[in-house]
Amino acid sequence: MNLARRGLLIILSSPSGAGKSSLSKRVLERDRDVVFSVSATTRPPRAGEEDGREYFFKSRDDFNALIAAGGMLEHAEVFGNLYGTPLAPVEAAITSGHDVLFDVDWQGGQQIRNSALSEAVVSIFVLPPSIAALESRLLNRGQDSAEVVAGRMAQSRSEISHWAEYDYVLINDDIDKAEGDLRAIVQAERLKRARVIGLNAFVAGLNAEYEAKNDL
């Protein structure tokens, strides 16, 4: 028997290049109960990106107006651009029993953990197997200039220093193993007693069956 449950807010954070985006993509492809939280950003779109798919691309003025109206679950400035999570679609998803996956940095994760939706949060930090591997991944993916890669590497030490703030930590040495561990974490969190709707009523029904049996 499957009882309804409250949705999770799955926070996935890592230094750039450690693999959180690859892990996010795999989970989203293979688990229909997980939806991706599309962030808003002030950075310009990259080649092939579409508004509303990878990000909601906004001007700085429009972004700040959303913050002022209380319409952002979290927001931060990263490498000179603003990033944030619109609140309304997140609330709608978890109310309907879907899990929302956040690919965010430690600042965004901290804000979500401290928000009014904190009881739904499951936070996971992804570490690289080594700093050399981290730099190699950034260089090999070919998305950024050498200057941007250098900036990301300089920032990575500060980002990694926040690993202990998270519920779970994965070392992404093998993407298949890391994905399996991530999916196991999500499944276990879904089964937590506090997340299951109607469990008290179900147990009360079992006790009523005992009573009815004893009355015979």
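The values are calculated or read from the model by the stated rules, or taken from the named source; none is laboratory data. Worth saying up front: this structure is predicted, and the values here are computed from it rather than measured. Positions of Cβ are generated from backbone atoms using ideal geometry, with glycine treated the same way; all protein chains shown enter the neighbour counts.
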(message) Just the residues that are part of a loop (DSSP other than H, G, I, E, B), in contact (Cβ under 8 Å) with a residue 60 or more places away in the chain, in contact with a strand residue (DSSP E or B) (Cβ under 7 Å, 6 or more places away or on another chain) and closer than 29 Å to W163 by Cβ, please, taken from segment 1-58.
(response) G7, L8, S14, A18, G19, D33, S37
(request) Filter segment 154-192 down to residues that are assigned to a helix (DSSP H, G or I) and among the β-branched types (V, I, T) and give me whichever is nearest to the chain's Cα centre (by Cα). (result) V186
(request) Considering every residue within segment 125-137, establish whether at least one is surrounded by 21 or more Cβ atoms within 10 Å (Cβ to Cβ) and among the polar types (S, T, N, Q). (result) no
(message) So, A68, is that one small (G, A, S) and at pLDDT below 90 or not?
(response) no
(message) Going by what's in this entry, would T85 be described as surrounded by fewer than 16 Cβ atoms within 10 Å (Cβ to Cβ), farther than 20 Å from S156 by Cβ and not small (G, A, S)?
(response) no
(message) List the residue pairs whose Cβ atoms are under 6 Å apart, where the first residue sits in segment 162-188 and is without any contact (Cβ under 8 Å) to a residue 24 or more places away in the chain, the second is among the acidic types (D, E), and the two are 6 or more positions apart or on different chains.
(response) none
(message) Pairs please, first residue from segment 111-137 and among the basic types (K, R), second anywhere and buried (at least 17 other Cβ atoms within 10 Å of the Cβ) and modelled with pLDDT under 95, Cβ atoms under 7 Å, 6+ apart in sequence or on different chains.
(response) R137/G17
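Take V148 and tell me if it is among the aliphatic types (A, V, I, L, M) and in a helix (DSSP H, G or I).
Spelling it out, V148 is indeed among the aliphatic types (A, V, I, L, M) and in a helix (DSSP H, G or I).
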(request) Scan segment 105-116 for residues that are hydrophobic (A, V, I, L, M, F, W, C) and surrounded by 18 or more Cβ atoms within 10 Å (Cβ to Cβ) and jot them down. (result) W106, I112
